[in-house]
Amino acid sequence: MDVLTDDHEREEVVKKWWHEYWKPIALGVVIALGGLIGFRQYQSYELGKSQEQALAVYQLQEKLNAQGLDAISDAQKFIAENDNVYGALVALDVATLQMTEDKFTDAAATLEKAASSGGDLLKPAVTLTLARLQAQNQEYDKAVNTANSVISEAYALEKSEVLGDIYMASGDRQKAHDAYKNAIELCKSKKLPINGILQMKFDNLIAAGDTPAFREMSALQQQ
């Protein structure tokens, strides 16, 4: 990978990446979470709720798939009446639909509900997705606070990368650089691969004295 040397060029590359790719990343997280505990998998999770409630979720998901925005009112009623993981699952489906329709403010509000109701199973990943949406809505301080509310060590790497994206979107190159660098250090400490997107984002903000991420990745592969 060629390392850009002009500060303005680096900033524009990463900003362009953010505006082009934040939505499929956030949308992919929401869809993946919804599929994580789909109707056929409910029995493998000790959710302590009735099969009737699980069936209601499944029926609402099918209705949302078939009717789109026309079914949102029924889904929102279910969410309001079920402050639990079932309501959170429906909220994820509603947020997915709202995001595909570019209703980002509505989707953020729906994800807030999903995060508050989803428990430990869903809350961290939903919260980080919410932070991305808030940044897209230019609520940068709010997005940073939302991301920082995730305290689970299991999501520390994802949290650092999301913070980098938020700072980059807000124009704070130094904080973006530091957040991406922290994500890379976490990859190294956990001996995890440094994904190509993170490499690109860091290397396009690289500062004097930094080791390019693609070289860090090569060193990890040789261990």
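The values are calculated or read from the model by the stated rules, or taken from the named source; none is laboratory data. This is a predicted model, so every value here is computed, not measured. Please note: Cβ atoms are built from the backbone with ideal geometry, for glycine as well, and neighbour counts cover all protein chains shown. Accessible surface areas use protein heavy atoms only, side chains included; no ligands, DNA or RNA. Shrake-Rupley method; radii C 1.70, N 1.55, O 1.52, S 1.80 Å.
Of all residues being out of contact with any helix residue (DSSP H, G or I) (no Cβ under 6 Å at 6 or more places or on another chain) and under 25 Å from Val94 (Cβ atoms) in region 127-143, which is modelled with the highest pLDDT? Just the residue, please.
First pass over region 127-143, keeping only residues out of contact with any helix residue (DSSP H, G or I) (no Cβ under 6 Å at 6 or more places or on another chain): 138-139, 141.
Right, trim to under 25 Å from Val94 (Cβ atoms) and you get 138-139.
Details: Gln138: 90, Glu139: 93.
Ranking the qualifying residues of region 127-143, first place goes to Glu139.
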May I ask you to list the residues in region 100-117 that are in contact (Cβ under 8 Å) with a residue 40 or more places away in the chain and either of a type outside the set (Ser, Thr, Tyr) or buried (at least 24 other Cβ atoms within 10 Å of the Cβ) (or both)?
-> Leu111
Options Ala207, Ala176, Ala213, Ala219; residue that is open to solvent by less than 70 Å² (accessible area, probe 1.4 Å), modelled with pLDDT of 90 or more and aliphatic (A, V, I, L, M) = Ala176
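Kindly indicate whether Leu186 is closer than 15 Å to Ala131 by Cβ, open to solvent by less than 60 Å² (accessible area, probe 1.4 Å) and either of a type outside the set (S, T, N, Q) or part of a helix (DSSP H, G or I) (or both). So that I can check it myself, show each step before the final result.
Numbers: closer than 15 Å to Ala131 by Cβ: no; open to solvent by less than 60 Å² (accessible area, probe 1.4 Å): yes; either of a type outside the set (S, T, N, Q) or part of a helix (DSSP H, G or I) (or both): yes.
No; evaluated as a whole, the condition is false for this residue.
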How about region 152-173: which of its residues are more than 15 Å from the chain's Cα centre (by Cα) and either charged (D, E, K, R) or open to solvent by 80 Å² or more (accessible area, probe 1.4 Å) (or both)?
-> Glu153, Asp172, Arg173
Scan region 190-212 and report the pairs whose first residue is on the phi > 0 side of the Ramachandran plot and whose second residue is part of a loop (DSSP other than H, G, I, E, B) and surrounded by fewer than 20 Cβ atoms within 10 Å (Cβ to Cβ), with Cβ atoms within less than 9 Å and a gap of 6+ or a chain change.
-> Lys191/Gln223
